Amino acid sequence: MKSFTVTALLLATLIPYTSIPAEGAPLKKGAKKSVPAAAAKEEPVTPYTILSIIPSQGEPGRKVNLMGSGFSTDTLAWLGTTAVPTSVLNDKQIEFEIPRIDPGLYALYLKRPDGAISKIYNFPILAPKPVIDAITPDTVFGCAPDQERAVTLSGKNFQESSALLFDGGAVRSSFTSPEALSFTVPHNVLGGQHNIQIKNSNDIVSGTVAFYIDMKPVIHAVHQGEERVNSYDLVLEGHNFQQGSSVVVDGRQVYNGTDREKIRFVNCSRIIYERSPYDRSTKSLRIQVINPNGEESPVATVSAP
């Protein structure tokens with residue numbers, strides 16, 4: 001009996017009761033608590049649900065909108081082996097921009113770092129369509145020299161091999177960048193409105209923009225030229241004058257070869273009006289040019305004998 005009591009006392013001194021916490025009691029500082037096996041299991045991953053993909057195909061640079069659930073800020077869209085950042089619009093809507101990758105059919109799916117992955121969909125990426133945003137200038141004069149017939153197209157997705165279509169026919173153009181092309185308006189085209197398009201090497205054609213060739217005569221300036229005993233010259237400077245143009249002075253029409261007064265066509269920007277006044281006193285003259293097709297210039301007013 002005495003030996004049992006001594007043994008029990010020895011065990012009590014070797015293992016203090018405070019070293020074994022009761023169930024639910026707080027741990028001492030630095031102590032580690034064992035974790036039950038069931039609690040160590042990972043929480044289930046929330047799956048993605050994609051209800052719609054709009055548009056169902058597109059070209060690089062276009063935004064794609066996905067409706068569904070399970071989206072988060074760290075979601076990535078994958079097109080084949082290319083990861084694409086996304087933007088969460090709300091808890092049911094996410095979007096991404098198609099990157100500049102080659103045209104073709106790609107596997108599209110969503111993936112999060114926690115391993116959640118959506119169903120895989122086929123997504124066709126189209127060749128980028130050329131787009132014309134602006135044409136500068138959008139009007140040239142019919143008889144303008146080459147340096148004034150240069151036109152620049154601004155847009156996107158132009159290629160070095162792109163063809164510029166003028167009323168459906170290809171004309172020579174110069175590639176500056178994927179955003180700019182230029183060309184010179186041909187001289188052998190009629191006045192009026194024309195259509196401009198860009199056609200890429202894959203036969204994809206841009207939309208049409210309007211371009212105008214102005215054939216209406218305009219007088220920029222009138223000044224006196226050579227003087228003779230009974231006549232002098234009035235020089236008309238402007239544009240879109242034609243070989244058969246006539247000059248109207250104060251309502252009286254003067255043609256080339258009129259007996260007393262006449263006009264001489266020099267070129268499309270100059271006509272010389274040989275005037276034979278009855279006296280040399282200065283007066284106000286109203287002068288206008290009329291082309292053979294009936295188009296009239298605005299009236300110019302000049303002070304001359």
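Just so you know, all these numbers are worked out from the coordinates, no wet-lab data involved. Just so you know, these numbers come straight off a predicted model, no measurement behind them. Note: ideal-geometry Cβ built from the backbone for every residue, glycine included; neighbour counts use all protein chains shown.
Near residue 47: Cβ cut-off under 12 Å, other residues only, Lys/Arg at +1 and Asp/Glu at -1. The net charge is +2. Sites listed here are trypsin sites (Lys or Arg not before Pro) in region 155-200 whose DSSP assignment is loop and whose Cβ has at most 16 other Cβ atoms within 10 Å: 172. Ranked by the mean number of other Cβ atoms within 10 Å per residue, highest first, peptides 124-133, 291-300, 173-182 order as 124-133, 173-182, 291-300. Remark: 212, 48, 232 ranked as 212, 232, 48, counting other beta-carbon atoms within 10 Å and listing the fewest first. A simple charge model with +1 on the Cβ of Lys and Arg, -1 on the Cβ of Asp and Glu and nothing else charged puts the dipole of region 194-305 at about 140 debye relative to its Cα centre. Between the C-alpha center of region 53-89 and that of region 239-281 there is a gap of 70 Å.
What is the sum of charges around residue 64, taking Lys and Arg as +1, Asp and Glu as -1, for the other residues whose C-beta is under 14 Å from the C-beta of residue 64? Result for the neighbourhood of residue 64: -1.
Modelled spin-label separation between residue 299 and residue 91, with each label point placed 7 Å from Cα along the Cα-to-Cβ direction: 7.5 nm. Annotation: the residues 64, 289, sorted from fewest to most other C-beta atoms within 10 Å of their own C-beta, follow the order 64, 289. Basic side chains Lys and Arg get +1 at the Cβ, acidic Asp and Glu get -1 at the Cβ, and with that the dipole of region 49-125 about its Cα centre reaches some 100 debye. Taking every C-alpha pair closer than 8 Å and separated by at least 6 residues, the mean separation divided by the residue count of region 49-125 gives a relative contact order of 32 percent. Take every pair of alpha-carbon atoms less than 8 Å apart whose residues are at least six positions apart; their mean separation over the length of region 192-305 yields a relative contact order of 24 percent.
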